[in-house]
Amino acid sequence: MSQSIEKAKLIENNSIIYQKYQNFLDDTLVNRIESEIDSLKRSKLENQTTLPRERADYNQRLLKELKIIFSHSSVKQALEKKYNRQLKVQSVDLWFDSAGYFLKPHLDNQLIALSLQIYLGRDKQPGTPLYQSDKDIEYFDIFPYEFNCGYSMLNTSTSYHGLEYEVTGGTRKSLYVRFSS
């Protein structure tokens with residue numbers, strides 16, 4: 001993971017600072033997640049309880065181990081070096097978005113300094129586009145939904161993002177890590 005962070009260039013586009021990742025997780029971790037993800041106990045995501053999004057419960061072993069992995073110095077230090085700021089892991093989620101899930105262009109909660117999302121499904125699902133404002137319908141860049149690919153992005157007053165289109169079927173699975181300063 002730290003190698004993916006180190007190799008990916010830091011992009012600044014329309015005042016948004018981010019990285020795009022390919023093959024982010026190593027094969028051992030990917031295989032473990034794939035073998036366990038569909039059997040994980042789930043609950044509604046805080047602040048999105050009315051939307052068709054669930055998260056894996058934090059008390060499960062896999063989630064606890066993922067939090068340790070992302071808190072590990074090599075991953076955290078690679079992100080801190082790339083983004084030139086101190087970071088602390090707030091939470092590590094496995095998200096499950098189902099039919100009807102959609103988010104229009106928005107900013108994340110101000111307590112999030114940096115977010116990192118890795119897609120875990122192999123089916124066709126919406127990616128995460130970047131917008132210049134919450135009023136835009138056309139995006140200027142996108143993180144396509146591809147297995148074991150994704151992004152990290154600084155959360156600023158200009159980091160508008162959303163869903164490319166509404167989830168229409170299947171389950172849009174992803175790993176989502178929130179960092180605070």
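The values are calculated or read from the model by the stated rules, or taken from the named source; none is laboratory data. Keep in mind that this is a model prediction, so the values were computed, not measured. Heads up, the Cβs are rebuilt from the backbone with ideal geometry, glycines too, and the neighbour counts pull from every protein chain shown. All accessible areas refer to the heavy atoms of the entire protein, side chains included, with ligands and DNA or RNA removed. Shrake-Rupley method; radii C 1.70, N 1.55, O 1.52, S 1.80 Å.
Values as computed for the structure displayed
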{"read-out": "Ranked order, THR158, THR28, THR50, THR128 - accessible area, probe 1.4 Å, largest first", "value": "THR50, THR28, THR158, THR128"}
{"read-out": "With all protein chains modelled, accessible area of ILE137 [1.4 Å, Å²]", "value": "140"}
{"read-out": "Shape parameters for region 81-181, alpha-carbon atoms, Rg then Dmax in Å", "value": "13.4, 39"}
{"read-out": "Phi to ³J(HN,Hα) by Karplus 6.51 cos²θ - 1.76 cosθ + 1.60 over region 100-116, Hz, x for Gly, Pro", "value": "x, 6, 7, 10, 6, x, 7, 10, 7, 3, 5, 6, 8, 8, 8, 10, 9"}
{"read-out": "Radius ratio Rg over Rh of region 91-145, counting only Cα atoms, Kirkwood formula for Rh", "value": "0.94"}
{"read-out": "The chain - percent of accessible surface contributed by carbon and sulfur, probe 1.4 Å", "value": "47"}
{"read-out": "Computed label-point distance, nm, for sites SER133 and PHE102 using a 7 Å Cα→Cβ extension", "value": "2.1"}
{"read-out": "Where only alpha carbons of region 1-106 are counted, the Rg and the Dmax (Å)", "value": "15.6, 40"}
{"read-out": "Neighbour-limited loop hits for trypsin sites (Lys or Arg not before Pro), region 87-181 (at most 15 other Cβ within 10 Å; DSSP other than H, G, I, E, B)", "value": "ARG122, LYS124, LYS135"}
{"read-out": "Theoretical ellipticity at 222 nm over the chain - DSSP helices of four or more residues, -39500 (n - 2.57) apiece, nearest 500", "value": "-6000 deg cm²/dmol"}
{"read-out": "Linear extension gain, LYS7 paired with ASP38, 0.36 nm per residue minus alpha-carbon span", "value": "8.1 nm"}
{"read-out": "Chymotrypsin sites (Phe, Trp or Tyr not before Pro) within region 1-68: DSSP coil, no more than 16 neighbouring Cβ in 10 Å", "value": "TYR58"}
{"read-out": "Gap separating the Cα centres of region 118-181 and region 56-116, nearest whole Å", "value": "13"}
{"read-out": "Per-pair calculated FRET efficiency, R0 = 25 Å: GLU46 and SER157 via Cβ, rounded to 0.05", "value": "0.65"}
{"read-out": "In region 1-50, the GluC sites (Glu not before Pro) that fall in loop regions by DSSP, at most 11 other Cβ within 10 Å", "value": "GLU46"}
{"read-out": "Reference-scaled alpha-carbon Rg (2.2 N^0.38 Å with N residues) for the chain", "value": "0.96"}
{"read-out": "Stretch gain in nm, segment GLN90-SER15, where the contour uses 0.36 nm per residue and the Cα spacing is subtracted", "value": "24.6 nm"}
{"read-out": "Cα-based reach from LYS7 at 24 Å (exclusive), listing lysines while leaving out same-chain residues under 8 positions away", "value": "LYS20, LYS67, LYS76, LYS81, LYS82, LYS88"}
